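Working notes, beginning with the structure itself.
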Amino acid sequence: MSGDKNLLQEIAAYKWKFTMTTTRKVLFLLAGLGIACMLFRLATGLGIATNLNDKWPWGLWIGFDVLTGVALAGGGYFTAIVVHVLHRNKYHAIARSAMLTSLLGYLLVMAGLFMDIGQWFNFWRPFVSWGHASVLFEVFWCVSCYTTVQVLEFGEILTEKVGTKYHNAFKRALPVLMIVGIVFPTLHQSSLGALYLIMVDKLYPLWWSPYIGLMFLISSFFVGPAMICVETALAGKAFKHEVPVSVLHGLVRISGVFMILYLALKLYDLANRGVFHLVFAGNLEGNMFLAEIILGVIIPLFIAFSSAGNTRKGLVTFGALVSGGLIFNRMNVVFTGMSAALGGWYFPSVMEWAVSIGLVAIGCLAYCFIVENFNIMEHKDHHHQQAPA
């Protein structure tokens with residue numbers, strides 16, 4: 001107890017900083033609105049707060065906050081593999097920022113998942129009820145365990161400033177945490193796609209596939225560097241810290257290899273199942289699929305393996321297109337590909353939008369606070385060299 005009390009005193013004594021700017025004030029307003037809508041939803045239920053119904057039980061919170069959010073947060077375990085397993089030390093400059101983005105992303109995924117639980121006060125039941133036959137049960141456990149591992153990994157950064165006497169313990173535990181933290185994401189990334197295996201007669205053939213779990217896993221790999229490109233571009237402007245182009249270009253080339261594998265598997269699967277002609281059917285599904293592949297895979301591949309990939313502008317364009325393409329893919333799976341089978345269309349309510357946007361705003365504010373107060377950007381005199389966003 002005395003140790004905990006000393007730690008709390010040390011945290012209270014540390015001089016925290018958080019500079020208010022116009023951007024951050026807007027983020028606070030969005031975060032506040034999101035929190036208010038979350039409280040309203042928890043008090044009243046899903047029926048009043050959302051446009052979900054018996055035909056569309058999964059909406060924006062599952063489609064974007066969970067399925068998309070988990071993939072976009074994949075930069076953490078991708079970087080862990082490259083830096084700590086393959087020992088590519090030149091990428092160490094982005095390791096901590098990627099880990100932080102991943103940690104915040106998974107915490108927001110957990111919040112989004114909590115919002116979508118009908119009887120949210122029963123959230124604890126999967127911890128004691130062993131539903132081993134359920135894919136969602138496996139996803140729940142893997143996401144929960146991986147988020148816990150990431151929080152423990154952050155302990156190594158936290159204890160550089162506060163609770164310093166625990167720093168060596170966290171540092172010694174870090175290699176084991178890294179190994180465990182690499183295993184869990186490969187399980188739940190693929191399992192999120194495997195949820196749709198049983199929907200062979202509902203999900204449109206352009207997206208349903210016996211390899212859909214593998215495709216979800218591969219796409220979570222190649223979107224990691226893309227998110228790192230976007231994040232470092234934003235952080236570079238906000239905190240006056242730029243990651244060398246050579247580092248980002250190397251990551252993009254690795255991402256490109258996985259994108260080639262993804263595209264080859266996708267084309268083989270469509271041809272093997274005899275549904276390749278649906279790509280050019282001219283209907284909504286075919287056009288959305290073409291947009292997803294061209295904008296999210298083919299054009300970024302040209303950037304990755306051309307001279308454009310050696311420029312900061314090209315790298316940011318690559319990151320934006322690949323990240324947007326993955327969002328497009330997950331939205332197509334959840335909404336476009338299911339619309340014909342489920343009947344009609346679903347559109348999120350104002351509160352659903354407010355919650356999702358509010359969660360993103362909370363994540364941005366948390367990122368700014370942590371970067372201002374901890375050594376994330378990995379350069380000396382961290383607090384003095386960065387300007388607030």
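Here are the numbers for this structure:
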item	result
Calculated FRET efficiency for the pair ASN375/TRP124, C-beta based, R₀ 41 Å, to 0.05	0.70
Segment 238-342, relative contact order [Cα under 8 Å, separation at least 6], %	31 percent
Cβ-based charge dipole, the chain, positive-most Cα from GLY45, LEU107, VAL82	VAL82
Rough spin-label spacing in nm, given labels placed 7 Å along Cα→Cβ, for LEU263 and THR44	4.7 nm
Residue-averaged 222 nm ellipticity for the chain, from DSSP H runs of 4+ at -39500 (n - 2.57), nearest 500	-21500 deg cm²/dmol
Cα long-axis angle, helix 2-13 against the chain (0 to 90 degrees, to the nearest 10)	90 degrees
Mean accessible surface per residue for segment 216-341, computed with a 1.4 Å probe while every protein chain stays in place, in Å²	39 Å²
Carbon plus sulfur fraction of accessible area for the chain, probe 1.4 Å, in percent	70 percent
LEU136 versus VAL245: modelled label distance in nm, points set 7 Å from Cα along the beta carbon direction	4.8 nm
Using alpha-carbon coordinates, inclination of helix 95-116 to the longest axis of the chain, degrees	60 degrees
Estimated FRET transfer efficiency (LYS90, VAL180; beta-carbon r; R0 35 Å; 0.05)	0.90
Whichever lysines have a C-alpha closer than 25 Å to that of LYS165, once near sequence neighbours (fewer than 8 apart) are set aside	LYS5, LYS15, LYS17, LYS380
Degrees separating the helix 135-158 axis from the principal Cα axis of the chain, which is the longest one	20 degrees
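The values are calculated or read from the model by the stated rules, or taken from the named source; none is laboratory data. Worth saying up front: this structure is predicted, and the values here are computed from it rather than measured. No Cβ is skipped: glycine too gets one built from the backbone with ideal geometry, and neighbour counts run over all protein chains shown. These accessible areas exclude ligands, DNA and RNA; they are computed on the full protein's heavy atoms, side chains included. Shrake-Rupley method; radii C 1.70, N 1.55, O 1.52, S 1.80 Å.
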